[in-house]
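Colleague: Here you go, one structure.
Here, each number is a calculation from the coordinates, and none is a lab measurement. What you see is a predicted model; the values in this text were computed from it and never measured. Cβ placement follows ideal geometry from the backbone for every residue including glycine, while neighbour counts extend to all protein chains displayed.
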Amino acid sequence: MNGRPVVDVHTHLVPRGWPELSGACGGTGWPWLRIDSERHAMIMVGESEFRPIGAECWDPAVRLADMDEDGVDLQVVSPTPVFFGYDRPAHQAVKVARIFNDLTLETVAAGGDRLIPFCQVPLQDPDAACAELDRCLAAGHAGVEIGNHVGDRDLDDEGVVTFLQHCAAVGAPVFVHPWDMPTGPRLDRWMARWLTGMPAETHLSILSMVLGGVFDRVPQTLRLCFAHGGGSFPYWLGRADNAWWRRGDLVRGRSEHPPSHYTDRFLVDSVVFEPSALRLLVDTLGEDHVVLGSDYPYPLGERPVGQVVHESDFLSDKQRDKLLSGNALGFLGRA
């Protein structure tokens with residue numbers, strides 16, 4: 001590494017070698033992996049194909065070669081959300097979390113100190129989630145990825161707030177990723193669930209933390225990052241502020257301040273693909289609150305990693321260094 005490392009905070013893996021989950025965890029309908037070749041597989045849910053994946057999902061050598069090609073020094077490696085199991089009984093979600101968390105540590109170990117593992121937790125049960133987080137931190141995980149909701153419970157749910165307070169207490173960074181988007185005829189074509197549902201889900205979850213009063217309740221030491229540029233939230237922040245002031249009878253909820261007051265309480269990643277969109281993030285949230293992220297290795301992610309940051313000529317060298325390195329190191333507690 002020359003100077004400070006370039007850090008990608010948003011990547012995923014799918015480890016090899018996990019057992020048949022119905023037998024290991026109980027229940028039915030778990031995802032499973034159809035092996036198509038040494039370098040290709042398909043995540044299956046029941047008999048339906050969910051997502052094709054390649055060796056970069058499980059082979060650290062492939063991942064490290066791609067990092068070298070893109071000039072990335074460190075990767076935060078998080079679970080793939082389809083394995084969260086939030087819709088299942090907590091004891092089953094505990095078991096699947098343990099399986100994938102332990103396999104994640106085995107997978108990233110071959111990457112030396114360049115791959116930084118984040119765990120998953122059974123978020124539907126706050127006590128079990130806190131216990132699994134503690135176990136994983138002791139074992140070598142550096143933080144946790146959570147989904148943006150648990151059924152109809154959003155991030156202002158009391159149980160989720162309890163978990164976030166625990167993350168702040170133990171110093172664990174939290175990466176929030178959308179998952180389990182709505183379905184229907186209007187969303188099940190053109191990958192519309194990913195193109196519109198994911199941005200909307202992230203927007204809704206940031207609003208839930210703001211208007212649900214979560215940022216007024218959790219310590220300011222909580223290190224929190226939202227995927228995909230914060231979804232549509234940064235673009236519509238003015239609309240949210242206007243509604244907070246003009247329809248406070250309906251909108252203010254438990255928040256003490258308008259939404260724009262809280263933009264210094266979280267980070268977002270840079271997976272927005274266009275310099276103009278990145279400029280909106282920097283202008284709206286501040287240069288200290290945007291980190292490099294790619295969504296590697298999935299096809300809707302950015303390759304080469306960091307291209308939009310490098311191509312954004314409105315950034316000064318100091319700002320670009322923050323987005324590529326400094327802000328992420330702060331998020332990870334390594335500044």
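Colleague: Give me the pairs, please: first residue somewhere in segment 180-208 and closer than 30 Å to Pro258 by Cα, second residue anywhere and β-branched (Val, Ile, Thr) and surrounded by fewer than 18 Cβ atoms within 10 Å (Cβ to Cβ), beta-carbon distance under 7 Å, and either six or more positions apart or on two chains.
Modeller: Arg193/Thr183
Colleague: I'd like to verify a number: residues in segment 288-333 that are surrounded by 15 or more Cβ atoms within 10 Å (Cβ to Cβ) and part of a loop (DSSP other than H, G, I, E, B), how many?
Modeller: Filtering segment 288-333 for residues surrounded by 15 or more Cβ atoms within 10 Å (Cβ to Cβ) gives 288-298, 301-302, 305-310, 312, 315, 319-332.
Among the residues that remain, those that are also part of a loop (DSSP other than H, G, I, E, B) are: 288-289, 292-295, 297-298, 301-302, 305-306, 312, 315, 332.
Looking only at that region, the number is 15.
Colleague: Right, something else. Here's a check for you: in segment 148-171, which residue that is assigned to a loop (DSSP other than H, G, I, E, B) and in contact (Cβ under 8 Å) with a residue 40 or more places away in the chain is farthest from His228 (Cα to Cα)?
Modeller: It comes out as Gly171.
Colleague: Among Gly253, Gly248, Gly171, Gly238, which is in contact with a helix residue (DSSP H, G or I) (Cβ under 6 Å, 6 or more places away or on another chain), farther than 26 Å from Asp87 by Cα and surrounded by fewer than 16 Cβ atoms within 10 Å (Cβ to Cβ)? Reasoning before the result, please.
Modeller: Working: Gly248 fails: in contact with a helix residue (DSSP H, G or I) (Cβ under 6 Å, 6 or more places away or on another chain); Gly171 fails: in contact with a helix residue (DSSP H, G or I) (Cβ under 6 Å, 6 or more places away or on another chain); Gly238 fails: in contact with a helix residue (DSSP H, G or I) (Cβ under 6 Å, 6 or more places away or on another chain).
The conditions single out Gly253.
Colleague: Another question about this same structure. On the given criteria, is Val82 touching a residue at least 40 places away in the same chain (Cβ under 8 Å), under 26 Å from Gly231 (Cα atoms), part of a helix (DSSP H, G or I) and of a type outside the set (Asp, Glu)? Steps first, please.
Modeller: Values: touching a residue at least 40 places away in the same chain (Cβ under 8 Å): yes; under 26 Å from Gly231 (Cα atoms): yes; part of a helix (DSSP H, G or I): yes; of a type outside the set (Asp, Glu): yes.
Judged against the criteria, Val82 is a match.
Colleague: When you scan segment 83-118, how many residues do you find that are charged (D, E, K, R) and more than 22 Å from Asp180 (Cβ to Cβ)? Walk me through it before giving the result.
Modeller: Kept after step one, since they are charged (D, E, K, R), are these residues of segment 83-118: 87-88, 95, 98, 102, 106, 113-114.
Now drop any that are not more than 22 Å from Asp180 (Cβ to Cβ), which leaves 102, 106, 113-114.
Within segment 83-118, residues that are charged (D, E, K, R) and more than 22 Å from Asp180 (Cβ to Cβ) number 4.
Colleague: Conditions first: (1) in a helix (DSSP H, G or I); (2) under 17 Å from the mean Cα position of the chain (by Cα); (3) more than 20 Å from Ala97 (Cβ to Cβ). Leu222 passes all but one, so which condition is the exception?
Modeller: Against the list (1) in a helix (DSSP H, G or I); (2) under 17 Å from the mean Cα position of the chain (by Cα); (3) more than 20 Å from Ala97 (Cβ to Cβ), Leu222 comes up short only on (1).
Colleague: Just name the residue that is surrounded by the most Cβ atoms within 10 Å (Cβ to Cβ) out of those in segment 196-230 that are among the β-branched types (Val, Ile, Thr) and over 18 Å from His166 (Cα atoms).
Modeller: Among residues in segment 196-230 that are among the β-branched types (Val, Ile, Thr) and over 18 Å from His166 (Cα atoms), the one surrounded by the most Cβ atoms within 10 Å (Cβ to Cβ) is Val210.
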